[in-house]
1. Looking at 235, 249, which one is farther than 21 Å from residue 286 by Cα, touching a helix residue (DSSP H, G or I) at 6+ places or on another chain (Cβ under 9 Å), open to solvent by less than 10 Å² (accessible area, probe 1.4 Å) and assigned to a helix (DSSP H, G or I)?
2. Closer than 21 Å to residue 88 by Cβ and not in a loop (DSSP other than H, G, I, E, B): which single residue out of 282, 293 fits that description?
3. It is to be established whether one or more residues within region 126-137 are under 30 Å from residue 205 (Cβ atoms), open to solvent by 20 Å² or more (accessible area, probe 1.4 Å), in contact with a strand residue (DSSP E or B) (Cβ under 7 Å, 6 or more places away or on another chain) and outside any loop (DSSP other than H, G, I, E, B).
4. For region 305-320, does any single residue satisfy the condition of being assigned to a loop (DSSP other than H, G, I, E, B) and touching a strand residue (DSSP E or B) at 6+ places or on another chain (Cβ under 7 Å)?
5. Out of everything in region 321-357 that is among the charged types (D, E, K, R), within 26 Å of residue 245 (Cβ to Cβ) and in a helix (DSSP H, G or I), what residue ends up being most open to solvent (accessible area, probe 1.4 Å)?
6. Filter region 93-110 for residues that are surrounded by fewer than 22 Cβ atoms within 10 Å (Cβ to Cβ) and assigned to a helix (DSSP H, G or I) and give the result.
7. Could you list, in sequence order, the residues of region 176-224 that are surrounded by 16 or more Cβ atoms within 10 Å (Cβ to Cβ) and among the small types (Gly, Ala, Ser)?
Amino acid sequence: MSTLLPRFSESHNFYSDLKSRVNTYFDQHNKKTTGNWTLFSKAIILVGAHIAFYTLALHTKVDSHPYLALTYWAILGLLTAGIGFNIMHDGGHGSFSKYKWLNRVAALTLNVLGGNDYMWHIKHNVIHHGFTNIDGVDDDINIEPLMRMCVSQKKRWFHRFQHIYGALLYSLLHFLWVFFLDYGKYFRKKVAGVPIKRLTGWQHISFWGGKVGNLIVFMVIPILMVGWFDALIGVSVFLAVTGFVISLVFQLAHAVEQTHFPVADQSGKIKNEWAIHQIQTTANFATDNPIVTWFCGGLNFQIEHHLFPKISHVHYPNISKIVRSACAEYGIRYIEYPRMYSAVVSHFRFLKNMGSI
């Protein structure tokens, strides 16, 4: 049975006015909305570092140099998340470059790293961005029965401990994503109840080619280079770090104490227009921290990203000033945590609250 998608209230002046202001900014500064050499140079650094640490990990055995080897695998996990945040994410939204082929190449980095760009497009671009934090539709808050992410989800006795075991589950995300979740979507032909269009021949090839290629690169080759035991330990660290970092960054953007989880009325309608819904269900964090912004690919400017997903993240610091000003004028609460630490604390408080109320 397919999920019935909710409808938003009719748009008013807010979003059209905001888009006009943002368009004026790009016109006045003669800038393109896509990436620039700030992003391209970062992409070169991340990919180069990823190749370098992958090579180091394959030439350092855990039994002889345990701390060094595990450090290499952990850094490789961080770099994998960084490539996802900065290259794949912008490419998947068509904002990495003005050239479609380069956006396609950027998006396909996900296939190399074990995911699938088409499944991600449906899950993220279509469902998550379209219906953020709406239970039963947004797959990002569907962690049932292991975790309870909103009051409309069934509470189980063990949810009272989810703020404790949540971090462990987050560390399993990349492993589950690579080896289970994509296959579930592929064979069920659905993402969170939303049907997937019939895949083309190329999409089938891309799916299986990516999965087999990732297995060779991150399982077969490590086993051949350092042996079963060292590969198992190293790759486990790599998967855990990647999964935890990706999970945490996305959770800080939507699952904190101040964000909303709207429920449609009996007619299937959401109270607010789409743009206001995005602002109420999304939070920024650590936007004054250049290191966080650089590594997270601007995903700490999540409000700007949800309002303007086709604008590259390198522009978010500037357009955030426009968004803040418009929100203040229209009386819309702009949710922001000044430091990453405060957002992390708020997230785990949120988990504790969801497990107890």
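1. The conditions single out 235.
2. 293
3. Scanning region 126-137, I find no residue that is under 30 Å from residue 205 (Cβ atoms), open to solvent by 20 Å² or more (accessible area, probe 1.4 Å), in contact with a strand residue (DSSP E or B) (Cβ under 7 Å, 6 or more places away or on another chain) and outside any loop (DSSP other than H, G, I, E, B), so the answer is no.
4. no
5. Out of the qualifying residues, it is 349.
6. Within region 93-110, 100, 101, 102, 103, 104, 105 qualify.
7. 192, 193, 206, 210
The values are calculated or read from the model by the stated rules, or taken from the named source; none is laboratory data. These figures come from a predicted structure and were not determined experimentally. Neighbour counts are summed over all protein chains in view; Cβ atoms, including those assigned to glycine, are modelled from backbone coordinates with ideal geometry. Note: areas computed on protein heavy atoms with side chains; ligands, DNA, RNA excluded. Shrake-Rupley method; radii C 1.70, N 1.55, O 1.52, S 1.80 Å.
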